[in-house]
Amino acid sequence: MINSQPLNAETVELSPSYWIPLVLILLGLPLLLIQPIISILIAVFGLFLTIQAATIRLQFTNSALNVYRSQNLIREFPYKDWSNWEIFWEPLPILFYFREVKSIHFLPIIFDPKTLKSCLEKYVNK
């Protein structure tokens, strides 16, 4: 796995993590014998998350969480609008939740979870 790298003194980009997509794809294989349709759905979802992990990047800056697809900024979430965040199932993190003033967001952990948590603790008031 590639380590998360600081882009400058104020920006941290999270490295991708492929373990959740890989687990879903591998889980789909034995289910093929028991429930083929469910197996295919799980495996396709795992492939979708693999593509997302390869193309989506989260960058923490001093003022916002920026979401990039390839090199294009697709969304910015200013920390001042956040009211709460949580990483679910801490021993084996699988889901990242954060709430803004007007909306709620859930993201699968397709990024380095340790760096994600340290950036959240550093940049966002919990």
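The values are calculated or read from the model by the stated rules, or taken from the named source; none is laboratory data. A quick note: this is a predicted structure, and the numbers were derived from the prediction, not measured. Please note: Cβ atoms are built from the backbone with ideal geometry, for glycine as well, and neighbour counts cover all protein chains shown.
Please tell me if ALA9 is surrounded by 12 or more Cβ atoms within 10 Å (Cβ to Cβ) and either at pLDDT below 95 or small (Gly, Ala, Ser) (or both). No: the conditions fail for ALA9. Name the single residue, out of those in the range 48-72 being outside any strand (DSSP E or B) and surrounded by 14 or more Cβ atoms within 10 Å (Cβ to Cβ), that is farthest from the chain's Cα centre (by Cα). Restricting to residues being outside any strand (DSSP E or B) and surrounded by 14 or more Cβ atoms within 10 Å (Cβ to Cβ), the top hit is THR61. If I go through the range 16-30 residue by residue, how many of them are surrounded by fewer than 17 Cβ atoms within 10 Å (Cβ to Cβ) and either touching a strand residue (DSSP E or B) at 6+ places or on another chain (Cβ under 8 Å) or free of Cβ contacts under 8 Å to residues at least 24 places away in the same chain (or both)? So the answer is 6.
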